[in-house]
Amino acid sequence: MLALTERWLPGASATPENLGTAKWLEDEHWRRMEIAIANGIARAFNGS
């Protein structure tokens, strides 16, 4: 979790609130990445 805090909130202290925020940002990043990849695959197969 400390690595996530450093990635998403560089220079921020490792408070429980910042750890939670960093975890949320990481989860949100990968959720959006999953959507983007799925859309890219659909576009490739549909030819649009």
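The values are calculated or read from the model by the stated rules, or taken from the named source; none is laboratory data. Note that the structure is predicted; figures quoted are calculated from it, not measured. Here Cβ is always computed from backbone atoms with ideal geometry, including for glycine, and neighbour counts include all displayed protein chains.
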Take region 2-47 and flag every residue that is part of a helix (DSSP H, G or I) and among the small types (Gly, Ala, Ser).
3, 20, 22, 36, 38, 40, 42, 44
Failed item in (1) at negative phi; (2) at pLDDT 95 or above; (3) out of contact with any Asp or Glu (no Cβ under 6 Å at 6 or more places or on another chain), with residue 11 passing the rest:
(1)
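Condition check: free of Cβ contacts under 8 Å to residues at least 60 places away in the same chain and more than 15 Å from the chain's Cα centre (by Cα). Does residue 14 satisfy that?
Working: free of Cβ contacts under 8 Å to residues at least 60 places away in the same chain: yes; more than 15 Å from the chain's Cα centre (by Cα): yes.
It is true that residue 14 is free of Cβ contacts under 8 Å to residues at least 60 places away in the same chain and more than 15 Å from the chain's Cα centre (by Cα).
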The listed residue being loosely packed, with under 12 Cβ neighbours inside 10 Å, at pLDDT 95 or above and polar (S, T, N, Q), out of 39, 18
39
